[in-house]
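The values are calculated or read from the model by the stated rules, or taken from the named source; none is laboratory data. The structure displayed is predicted, hence computed values, not measured ones. Cβ placement follows ideal geometry from the backbone for every residue including glycine, while neighbour counts extend to all protein chains displayed.
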Amino acid sequence: MIEQVNRVDQWLRCVDNDGNPMDQKTCDKTRSQLEAFQKPLTTFQKATSLVKTAATTLFTGVAEEDVIATRLAICQTCDQFTGSNCKLCGCSCNNSANWTNKLAHPASTCPHNPPLWMPVEKS
């Protein structure tokens, strides 16, 4: 997960995997591709995602507290986080362990592309 965050950071700073500066054309192309992935979801996509995630959570239960805390810490560093919601998916993101909190769903994924955090196996 940290590797994915570092990769996005590299793209935003316009450096390659070795830390060398990208040329301006490559940098602009990389940034525009990254921005294209960051478009907010439609209301229908948000509703569909919520229903799927809630249904899955009925069978698996909520994630462990440490998973929720780690995900929240990552969200708090993101420019798409409002302090209580994600601008990309519209989901509630907080430290509560209930089904209305996206971070509490073990099968949920960060809507960034690449995602800043991934689904976890419920133990």
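Just checking, which of Arg7, Arg13, Arg31 is at pLDDT below 80, closer than 19 Å to Cys78 by Cα, within 17 Å of the chain's Cα centre (by Cα) and outside the structural domain of Cys89 (by TED's automatic domain parsing)?
From the options Arg7, Arg13, Arg31, the qualifying one is Arg7.
Check whether at least one residue in the stretch 104-120 is part of a loop (DSSP other than H, G, I, E, B), of a type in the set (S, T, N, Q) and in contact with a strand residue (DSSP E or B) (Cβ under 9 Å, 6 or more places away or on another chain), and report yes or no. Give the steps one after another, and end with the answer.
Narrowing the stretch 104-120 to residues part of a loop (DSSP other than H, G, I, E, B): 105-120.
Retained after the next criterion (residues that are of a type in the set (S, T, N, Q)): 108-109, 113.
From what's left, in contact with a strand residue (DSSP E or B) (Cβ under 9 Å, 6 or more places away or on another chain): none.
No, the stretch 104-120 has no match at all.
Applying the selection to the stretch 66-77, what residues are farther than 18 Å from Val120 by Cβ and in contact with a helix residue (DSSP H, G or I) (Cβ under 9 Å, 6 or more places away or on another chain)?
Selection gives Thr77 alone.
Restricting attention to the stretch 63-78, does a residue exist that is closer than 19 Å to Leu41 by Cα and either free of Cβ contacts under 8 Å to residues at least 40 places away in the same chain or not assigned by TED's automatic domain parsing to the domain that holds Ser49 (or both)?
yes
Does the stretch 86-98 contain at least one residue that is at pLDDT below 90 and assigned to a helix (DSSP H, G or I)?
Within the stretch 86-98, not a single residue is at pLDDT below 90 and assigned to a helix (DSSP H, G or I).
For the stretch 39-82, give me the residue count where each residue is surrounded by fewer than 16 Cβ atoms within 10 Å (Cβ to Cβ), outside any helix (DSSP H, G or I) and more than 14 Å from the chain's Cα centre (by Cα).
Of the residues in the stretch 39-82, 3 are surrounded by fewer than 16 Cβ atoms within 10 Å (Cβ to Cβ), outside any helix (DSSP H, G or I) and more than 14 Å from the chain's Cα centre (by Cα).
Take Ser49 and tell me if it is small (Gly, Ala, Ser), modelled with pLDDT under 90 and farther than 14 Å from Pro119 by Cβ.
No; evaluated as a whole, the condition is false for this residue.
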